[in-house]
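*Asks:* The structure follows.
The values are calculated or read from the model by the stated rules, or taken from the named source; none is laboratory data. Predicted model only: the values in this text are computed from it and were never measured. Glycine also receives a Cβ, built like all others from the backbone with ideal geometry; neighbour counts cover every protein chain displayed. These area figures cover heavy atoms from the full protein model, side chains too; ligands, DNA and RNA do not enter into them. Shrake-Rupley method; radii C 1.70, N 1.55, O 1.52, S 1.80 Å.
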Amino acid sequence: MTIYYVNSATGSNTNAGTSEDAPFASFWAVENLKLQPGDSVLLAAGTSYNDQLDLKYSGTVDAPITIGSYGVGDAPVISSPNDGIHSLYASNIVIENLKISDTQGAAIYGGYVSNWTVRNVEVDHTGLSKSGSITFRTGSNITIENSTINDVNGDGVWIEKVNGVNFLNNTVTNAHGTAADAVQMNDSSNIVISGNTLDQTGAITTKGVIALVRPVNALVEDNTIIGGGFGIGAQAGTNVTIHGNDISGYGGYSWSYAIGLGDQGDTRDYDISGNYIHDGVWGVAVSAAGTTSYVREGIDIYGNLFDDLTQAALKVDRPASGSFHDNFIASDVTPYSISPSIIAAGTFPVSNNTTVETEAALMSFDSQAATETSLSLMAADTSHTTQDSLTKMSADADGAHHGNAFGHDGVSSESLLLRRFGGEAFDKFGVLPGEGHHFGATEVADLFGAGENGNAAWHQEIAPEASHHADEQALNVAAQPDHPLV
């Protein structure tokens, strides 16, 4: 297990390369080595390289080959007239703590590879002459985590025919092109896309944000998804869960949707729950561009919040079976648009959805201001990135119950959902106490002491002596659980 050092400013390719005092100068020297399992190639902080790094040798699961950095300062930068890092058939590779920018091709390209980890890598302004950013074609067990991808030509991430994909806690902004998505994964399986921020609002002629084409066993959870022609397209797949995402700002087309499925193949067993869908066109669309007959079955849509949509929360205009239930829909949003033939067939029932009206006028205040006698909506486990557990509380703030806010033990039609993202109330007219991304769901009767009809209003006052801001800060909420949507 040897560490090789590369410093383009002070090194020489005649050096041994095995110490910081005698580093190599370029990738040429590295590519003439036969790297062994456990070897590392470290680039000096603050240096730059205008060349493609070819990786030809494999590590092992327990001893991968690592490409990283050493020293103090800015991450080393790889630019290239081709790809930044390129590999065919090499496996068990770790790429970390680098910046890749201004490449003509992909930032990282791996074909027929397995067990790769890309972490803490900054990608900026890549794919200048051909499409590409981080690309993996045919392989298994690819992890991309804690990385940033910005201002690329083509898809920010392209994954094709890979079994085992983990895309975790990354930021992707502005993948440009008429066919460009922030993330596209084709014909892949065992996928986890979690904790990412994906923003296409500044992209030129963007297509969408997440495109999953024929996925098998996919989880898309706790992501913030902004802009694009659509939010999540999971058009044909099997066993797909889309849960706890904040999807907004998508549009530009009459068909634009937050979550779309039903095109490009059979669609089976989808769980779409706990998502905050707002400021867009359609909510969930079970649709297709043509009349090709596909199977669309087992589509369960529940526990979502729909707000500020120009079209319906649900669209079903192709034969499908599933259900749309226990969702929360703002009063100015059309609940559903379902083909009459599907309604007549009874294959996609709509039930127990609740109209929600909110007026939030609560100024930001110190989250420590609440006293023991204050009724609180408290964040549960702060280890969650975008979704906290259900918190059901009485005035004494004791004995809080934690559960799945939108799971199978979920929220009944007699519940009021308050959800806040980045300190904003879901109606965007004010903020709620505390910081971060939180769910809160409380039984209306418990929260308000409502009568039999369920109607209630709540006014919260913060004691002046406990607050560092206004003398009175109020949250007015109206709930109408006695008028469920059919």
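*Asks:* When only residues in the range 70-95 that are open to solvent by 40 Å² or more (accessible area, probe 1.4 Å) and part of a strand (DSSP E or B) count, which is nearest to T10 (Cα to Cα)?
*Replies:* Pass one, the range 70-95, residues open to solvent by 40 Å² or more (accessible area, probe 1.4 Å): 71-75, 81-82, 86, 88-89.
Among the residues that remain, those that are also part of a strand (DSSP E or B) are: 86, 88.
Values: H86: 25, L88: 30 Å.
For the range 70-95, the residue satisfying everything is H86.
*Asks:* Could you run through the range 206-227 and say how many residues are in contact with a Ser or Thr (Cβ under 6 Å, 6 or more places away or on another chain), open to solvent by 10 Å² or more (accessible area, probe 1.4 Å) and of a type outside the set (S, T, Y)?
*Replies:* The number of residues fulfilling the criteria is 6.
*Asks:* Which numbered condition in (1) at negative phi; (2) part of a loop (DSSP other than H, G, I, E, B) is the only one that I225 fails?
*Replies:* Just one mismatch for I225, condition (2).
*Asks:* For the range 78-88, does any single residue satisfy the condition of being small (G, A, S), in contact with a Gly (Cβ under 8 Å, 6 or more places away or on another chain), over 19 Å from Y49 (Cα atoms) and without any contact (Cβ under 8 Å) to a residue 40 or more places away in the chain?
*Replies:* The answer is no, given that none of the residues of the range 78-88 is small (G, A, S), in contact with a Gly (Cβ under 8 Å, 6 or more places away or on another chain), over 19 Å from Y49 (Cα atoms) and without any contact (Cβ under 8 Å) to a residue 40 or more places away in the chain.
*Asks:* Picking from D279, D263, D271, which residue would you name as being assigned to a strand (DSSP E or B), in contact with a Ser or Thr (Cβ under 9 Å, 6 or more places away or on another chain), of a type outside the set (A, V, I, L, M) and farther than 17 Å from T334 by Cα? Talk me through it step by step, then tell me what you get.
*Replies:* On the way: D279 fails: farther than 17 Å from T334 by Cα; D263 fails: assigned to a strand (DSSP E or B).
Result of the check over D279, D263, D271: D271.
*Asks:* Take the residues in the range 1-34 that are open to solvent by 80 Å² or more (accessible area, probe 1.4 Å) and among the hydroxyl-bearing types (S, T, Y), then tell me which one is nearest to I78 (Cα to Cα). Steps first, please.
*Replies:* Kept after step one, since they are open to solvent by 80 Å² or more (accessible area, probe 1.4 Å), are these residues of the range 1-34: 1, 9-10, 14, 20-21, 28, 32, 34.
Narrowing further to those that are among the hydroxyl-bearing types (S, T, Y): 10, 14.
Details: T10: 17, T14: 22 Å.
The residue in question is T10.
*Asks:* May I pose another question? Restricting to the range 112-133, and then to whatever is modelled with pLDDT of 95 or more and of a type in the set (V, I, T), can you tell me which residue is nearest to H86 (Cα to Cα)?
*Replies:* Among them, the one singled out is V113.
*Asks:* Looking only at the range 115-132, count every residue that is among the aliphatic types (A, V, I, L, M) and open to solvent by 20 Å² or more (accessible area, probe 1.4 Å) and tell me the total. Before the answer, list the steps.
*Replies:* Keep residues of the range 115-132 that are among the aliphatic types (A, V, I, L, M), which gives 118, 121, 123, 128.
If we keep only those that are open to solvent by 20 Å² or more (accessible area, probe 1.4 Å) as well, we get 128.
Summing the residues that are among the aliphatic types (A, V, I, L, M) and open to solvent by 20 Å² or more (accessible area, probe 1.4 Å) in the range 115-132 gives 1.
*Asks:* Sticking with this structure for a sec: Between residues in the range 97-114 that are in contact (Cβ under 8 Å) with a residue 24 or more places away in the chain and open to solvent by 30 Å² or more (accessible area, probe 1.4 Å) and residues that are of a type in the set (V, I, T) and in a strand (DSSP E or B), which pairs lie under 6 Å by C-beta distance while being six or more apart or on different chains?
*Replies:* K99/V77; Y109/T135; Y112/T138
*Asks:* Output the residue which, of all residues in the range 232-256 that are assigned to a loop (DSSP other than H, G, I, E, B) and of a type outside the set (G, A, S), is modelled with the lowest pLDDT.
*Replies:* Applying the first criterion (assigned to a loop (DSSP other than H, G, I, E, B)) to the range 232-256 yields 244-245, 249-256.
This time we only want the ones that are of a type outside the set (G, A, S), so: 245, 250, 253, 255.
Details: N245: 98, Y250: 96, Y253: 91, W255: 94.
Looking at the filtered set, the residue picked out is Y253.
*Asks:* Would you pick out the residues in the range 133-164 that are among the acidic types (D, E) and surrounded by fewer than 19 Cβ atoms within 10 Å (Cβ to Cβ)?
*Replies:* Kept after step one, since they are among the acidic types (D, E), are these residues of the range 133-164: 145, 151, 155, 160.
The answer is E145, E160.
*Asks:* I would also like to ask the following. Regarding G202, is this residue buried (at least 18 other Cβ atoms within 10 Å of the Cβ) and on the phi < 0 side of the Ramachandran plot?
*Replies:* Values: buried (at least 18 other Cβ atoms within 10 Å of the Cβ): no; on the phi < 0 side of the Ramachandran plot: yes.
Considered against the rule, which asks whether it is buried (at least 18 other Cβ atoms within 10 Å of the Cβ) and on the phi < 0 side of the Ramachandran plot, G202 comes out as no.
*Asks:* While we're here: Right, N50: within 30 Å of the chain's Cα centre (by Cα), open to solvent by 60 Å² or more (accessible area, probe 1.4 Å) and closer than 27 Å to V157 by Cβ or not?
*Replies:* Working: within 30 Å of the chain's Cα centre (by Cα): no; open to solvent by 60 Å² or more (accessible area, probe 1.4 Å): yes; closer than 27 Å to V157 by Cβ: yes.
Criteria not met by N50.
*Asks:* Take G260 and decide whether it is small (G, A, S) and at pLDDT below 95. Give the steps one after another, and end with the answer.
*Replies:* Values: small (G, A, S): yes; at pLDDT below 95: no.
In short, no.
*Asks:* Does at least one position in the range 188-196 carry a residue that is of a type in the set (V, I, T), buried (at least 24 other Cβ atoms within 10 Å of the Cβ) and within 12 Å of the chain's Cα centre (by Cα)?
*Replies:* Yes, some residue in the range 188-196 is of a type in the set (V, I, T), buried (at least 24 other Cβ atoms within 10 Å of the Cβ) and within 12 Å of the chain's Cα centre (by Cα).
*Asks:* Return the only residue of D246, D269, D263, D300 being touching a residue at least 60 places away in the same chain (Cβ under 8 Å), open to solvent by 10 Å² or more (accessible area, probe 1.4 Å) and not basic (K, R). Spell out the reasoning first.
*Replies:* On the way: D269 fails: touching a residue at least 60 places away in the same chain (Cβ under 8 Å); D263 fails: touching a residue at least 60 places away in the same chain (Cβ under 8 Å); D300 fails: touching a residue at least 60 places away in the same chain (Cβ under 8 Å).
Within the list D246, D269, D263, D300, the selection yields D246.
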